[in-house]
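Just so you know, all these numbers are worked out from the coordinates, no wet-lab data involved. Everything numeric here is computed off the predicted structure, so don't read it as measured data. No Cβ is skipped: glycine too gets one built from the backbone with ideal geometry, and neighbour counts run over all protein chains shown.
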């Protein structure tokens, strides 16, 4: 049996990982594009232990879902004036099992509309597209539109109300019934005590996924907390915590003839050292646990990364 045709199923990891990545990106020490005409290349590369991609998990209760991971995530951003344009690319490579490898190409645009003086209230729109493939071809493509109402109360406090819609078009060669509409709602608050080096961000999340097969459809809720502070002028300490519950809408399978229920907890702590103005080194470690009433969907283990982050101004605008 070829790898693309073997029996596979889903875990609940994508929303957790995506939400954490987006939230941490907002707090990472990567300078924003300053003015029209700037061209910036930023990203990260790492080696570590990670959860295997959810769309290639064997349906056996004794499998190991935590694997050695090599990865990279990159963005090329251009400020055209009213709109920031971004090209996206990334990869997750698992040396132990190449069937787990995933590669991403994408594009997005960001448009900010000021709704109050001095930008204290603004509407941010981010449409985007992702194409994800493996060594065996396309895995899925996804269209998304992200809307955020950002309210900056003062130098210390900012509140964001966010609604994101996406449609995931899954390759039928792997499994059927996972084409779905994906809704994510978020209420986020950012606090910078005393306008100093410490940053704290908390979010409440709501999730609704409507898949072609009801056993993949679910409603859920969650919360996440992210913090970062400077220990020295060049060394930062940061941490992330995530919690989510998901309630699926149909029986999981003939063997497990009941509705799936998942509780996911994930936490990491890390250090980042600024080697130069354009790049830094980081190390982080933590633990992930998904408790599910379906044995083949439960997993737990240590997660961690060693890596480098960079931010280069390739061209400067006027």
How many angstrom lie between the Cα centre of segment 103-162 and the Cα centre of segment 177-217? 12
From the list [x] 34, 61, 5; [y] 30, 60, 10, 0; [z] 29, 54, 16, 1, can you say which value of P(r) over Cα pairs in 20 Å bins from 0, in percent was derived from the structure given? [y]
Taking springs between alpha-carbon atoms closer than 10 angstrom, which of 194, 222, 286 fluctuates most in the Gaussian network model of the chain? 194
Would you mind checking the tilt of helix 13-27 against the longest principal axis of the Cα atoms of the chain, expressed as 0 to 90 degrees and rounded to 10? 10
Global form of segment 150-242, assessed from the alpha-carbon gyration tensor, a/c cut-off 1.5: prolate
Put a dot 7 Å past each Cα toward the Cβ at residue 198 and residue 120; how far apart are the dots in nm? 2.6
Among 254, 154, 293, residue whose mean-square fluctuation peaks in a GNM of the chain (springs only between Cα atoms under 10 Å): 254
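Shape verdict for segment 55-172, please, from the Cα gyration tensor: rounded (a/c under 1.5), prolate (a/b greater than b/c) or oblate.
Values: a/c = 2.53, a/b = 2.16, b/c = 1.17.
It comes out prolate by the Cα gyration axes.
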Please list, in order, the residues from segment 79-101 whose amide nitrogen is less than 11 Å from a point placed 7 Å along the Cα→Cβ vector of residue 72. 89-92
Stretch gain in nm, segment residue 47-residue 169, where the contour uses 0.36 nm per residue and the Cα spacing is subtracted: 41.0 nm
Rounded, prolate or oblate (a/c below 1.5 giving rounded, otherwise prolate when a/b exceeds b/c) for segment 248-318 by Cα gyration tensor: prolate
Amide N proximity, segment 231-269 versus residue 293 label position 7 Å along Cα-to-Cβ, cut-off under 14 Å: 246-253, 256-263
Mean separation of Cα pairs under 8 Å and 6+ residues apart, divided by the residue count of segment 3-315: what relative contact order is that in percent? 14
